[in-house]
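Structure first, commentary second.
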Amino acid sequence: MAERAAKSGIALEAQQKIHSKFDPQLAGQIIRWIEKTGLTGLPSGNTVEADEFIELFRDGQRLCQLANALEPNAIKKVNTSALAFKKMENISFFLSFAEKHVNKTELFQTVDLFEGQDPNAVLVCLSALARKGDKFGKETIGPKESQGEKRNWSEEQLRAGDSIIGLQMGSNKGANASGLIMGNRRHM
């Protein structure tokens, strides 16, 4: 695979800012959570640096294994090829799985992981998935997801609002736009 040119100037500053958002402690927690789902061969320790984290998931195979551990047969075919597009296809398979379970704003793009552009985006996606662990019968990380409260209103309760006069908002009776002049008049 051809490597990208080293960044410099504003692009380097932007890349450093993106990489500074990565939380090694949270990455360690995510790795421990993934181990509890049944995956092996993960690094030990309470912290994981961004480069190690990216390298761990770059080929997408562990992500596909995680998806299958959470939901059996979620990803039918996991590519083991060394070709770059097959690795990116694995990441794409995982993102399709994650899209069903987490908010779209918490997903990452394939290049964020494969090229190491934004390791924090990958971390956000995996932590969002870890918050929903109880949906899969697994342990969760982070705050418990809120449950919506379904309200059942009777037809009588819904009709009760029809009798309220909507004058609380005020009235525009007699208001019109006559006499308004916007800006200065045109002088000939």
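State whether one or more residues within region 108-118 are aliphatic (A, V, I, L, M), more than 21 Å from T40 (Cβ to Cβ) and either in contact with a strand residue (DSSP E or B) (Cβ under 7 Å, 6 or more places away or on another chain) or surrounded by fewer than 19 Cβ atoms within 10 Å (Cβ to Cβ) (or both). Yes, region 108-118 contains at least one residue that is aliphatic (A, V, I, L, M), more than 21 Å from T40 (Cβ to Cβ) and either in contact with a strand residue (DSSP E or B) (Cβ under 7 Å, 6 or more places away or on another chain) or surrounded by fewer than 19 Cβ atoms within 10 Å (Cβ to Cβ) (or both). Annotation: of all residues in region 132-153 being among the charged types (D, E, K, R) and farther than 15 Å from E35 by Cα, the one that is surrounded by the most Cβ atoms within 10 Å (Cβ to Cβ) is K132. Mind counting the residues in region 3-51 that are assigned to a loop (DSSP other than H, G, I, E, B) and touching a residue at least 60 places away in the same chain (Cβ under 8 Å)? Result for region 3-51: 5.
Given (1) surrounded by 10 or more Cβ atoms within 10 Å (Cβ to Cβ); (2) farther than 26 Å from Q61 by Cβ, where does A6 come up short, assuming only one miss? All conditions are met except number (1). Scanning region 77-107 for residues that are charged (D, E, K, R) and surrounded by fewer than 19 Cβ atoms within 10 Å (Cβ to Cβ), we see that the one that is farthest from K135 (Cα to Cα) is K86. Only helices (runs of 4 or more DSSP H) whose full extent lies in region 58-156 are considered here, and the ones with at least 1 residues that are under 21 Å from I18 (Cα atoms) and touching a residue at least 60 places away in the same chain (Cβ under 8 Å) are 119-131.
Scanning region 34-75 for residues that are buried (at least 16 other Cβ atoms within 10 Å of the Cβ) and of a type in the set (V, I, T) yields I34, T37, V48, I54, I75.
Computed from the coordinates by the stated procedures, all read-outs in this text should not be read as laboratory data. Quick caveat, the model's predicted, so the values are computed rather than measured. In this analysis, Cβ positions are derived from the backbone assuming ideal geometry, glycine residues included, and neighbour counts consider all displayed protein chains.
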